[in-house]
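Worksheet: the structure to be examined is printed underneath.
The values are calculated or read from the model by the stated rules, or taken from the named source; none is laboratory data. Treat the numbers as computed from the prediction; the structure is a model and nothing was measured. Methodologically, a virtual Cβ is constructed for each residue, glycine included, from the backbone with ideal geometry; neighbour enumeration extends over all protein chains shown. Ligands, DNA and RNA are excluded from the accessible area calculation, which covers all protein heavy atoms including side chains. Shrake-Rupley method; radii C 1.70, N 1.55, O 1.52, S 1.80 Å.
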Amino acid sequence: MSDRPRVFVSRVLPGGAAPRSPLALLHDAADVDVWEAHTPPSPEALLHRAEGADALLTVLTERVDGALLDAAPRVRVVANMAVGYDNIDVPACTERGVLVTNTPGVLTDATADMTWALLLAAARRLPEGDAALRGGAWGPWHPTWLLGHRVSGATLGIVGPGRIGRAVAERARGFGMTVLYAGRRAVADFPGTFVPLDDLLARADYVSMHVPLTPETTRMCDASFFARMRPDAIFVNTTRGGVVDQPALIEALRLGRIAGAGLDVMTPEPLPVDDPLLTAPHLVVAPHLGSATLETRTAMARLAVEGVIAGLARRAPSNAVNPEALTVGRRR
Ligand code: GLV
């Protein structure tokens, strides 16, 4: 048997195994086992394939926890091909000396662009217009049909002033918007005004979520959150579905407590077509496409591969989530 490290890759990566693709880079460094299906491995299949691996390259559907790591004792790095890593039990990894990496930065622009796509589509009622046209409901032009909400000159509220929140705020300049932001603290040079969350919700015409999913942010957008928004405001979420209390959002849309919503993320994913969310009015949805451009996904895969290679060499790259794991001592 080869003494090269073994890496389990939980999904087909962009570029396949073509020369200079992210996977080709990995093949140069390790024996690679790829989960070839486009659907995720079951927890049992993941456990089985991880058993003999020295590294895992995962995507956001794979749950990596202490039980998995205990069943896969050789694993010393988990490179998650996502900026969010709520699917990974980081303390369990750190305790076991397992380095975790993610893919920040390379998806910032694509995700900010997607946020704007949803914001504009919800504001200007694009899906309703598209459906009306295709459904034969396009009558003669008249002054009050499908009126949307103004974007230029309006107020945008960013909740979570991280990289993506900042990129969304920067794009608002082109629309001449006032930008407010709320978070744990003010951020140097952020293109907007730091305000308490309550003020942001009371003032913003658009509220866009950019916080990571943590125990603290889980379902933070609840009935009280939506009640504090303006009734003519639009809610946008491109982070994780878990930050939203979805029944509360459905109710807020149904009762007109807010004017609309654009979601790239929801609970569960994939969302069944008969989910009550899809019966809510003034809702634009996308199936978790924030980073879905070829360039971005290729860059994410490359960064994840580099994370695997660094972790196998017991180096912490700048995108290490828990560099302290390297001080815990190497697993066998
Ligand atoms: C996608 O949702 C990511 O976290 O990268």
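Counting protein heavy atoms only, the chain has 56 percent of its accessible area on carbon and sulfur, 1.4 angstrom probe. Solvent-accessible area per residue in the chain equals 47 Å², computed with a 1.4 angstrom probe and all protein chains kept.
Other residues with beta-carbon under 14 Å from the beta-carbon of Arg219 carry, at +1 per Lys or Arg and -1 per Asp or Glu, a net charge of -4. Per-residue 3J(HN,Hα) values for region 251-258, derived from phi via the Karplus relation 6.51 cos²θ - 1.76 cosθ + 1.60 with θ = phi - 60°, read 5, 4, 6, 4, 8, x, 6, 10 Hz in sequence order (x marks Gly and Pro). Calculated [222 nm] ellipticity per residue, helices only, for the chain: -9000 deg cm²/dmol; basis is -39500 (n - 2.57) per DSSP H run with n ≥ 4, divided by all residues, nearest 500.
Whenever you get a sec, line up Ser152, Ser318, Ser42 from highest to lowest accessible area (probe 1.4 Å, protein heavy atoms).
Numbers: Ser152 75, Ser318 125, Ser42 50 Å².
I get Ser318, Ser152, Ser42, largest accessible area first.
Taking all protein chains as they are arranged and a probe of 1.4 Å, the heavy atoms of Trp145 leave approximately 100 Å² accessible to solvent.
Would you rank Met220, Met266 by solvent-accessible area, highest first, keeping every protein chain in place and using a 1.4 Å probe? Let's see the in-between values first.
Details: Met220 50, Met266 20 Å².
Largest accessible area first, the residues go Met220, Met266.
How far, in degrees from 0 to 90, does helix 163-172 lean away from the longest principal axis of the Cα atoms of the chain, to the nearest 10? Once rounded, one gets 30 degrees.
Compare the peptides 189-197, 250-258 by average per-residue count of other Cβ atoms within 10 angstrom and give them in order, highest first.
Working: 189-197: 15.2, 250-258: 17.1.
Most protected by this proxy first, the peptides run 250-258, 189-197.
A compact globular protein would have a Cα radius of gyration near 2.2 N^0.38 Å; the ratio found for the chain is 1.09. Heavy-atom accessible area with a 1.4 Å probe sorts Phe175, Phe8, largest first, into Phe175, Phe8. Identify the residues of region 81-111 with backbone N under 19 Å of a label point that sits 7 angstrom from the Cα of Ala67 along the Cα-to-Cβ direction, or state none. Of the residues in region 81-111, 86-96 have backbone N under 19 Å from the label point off Ala67.
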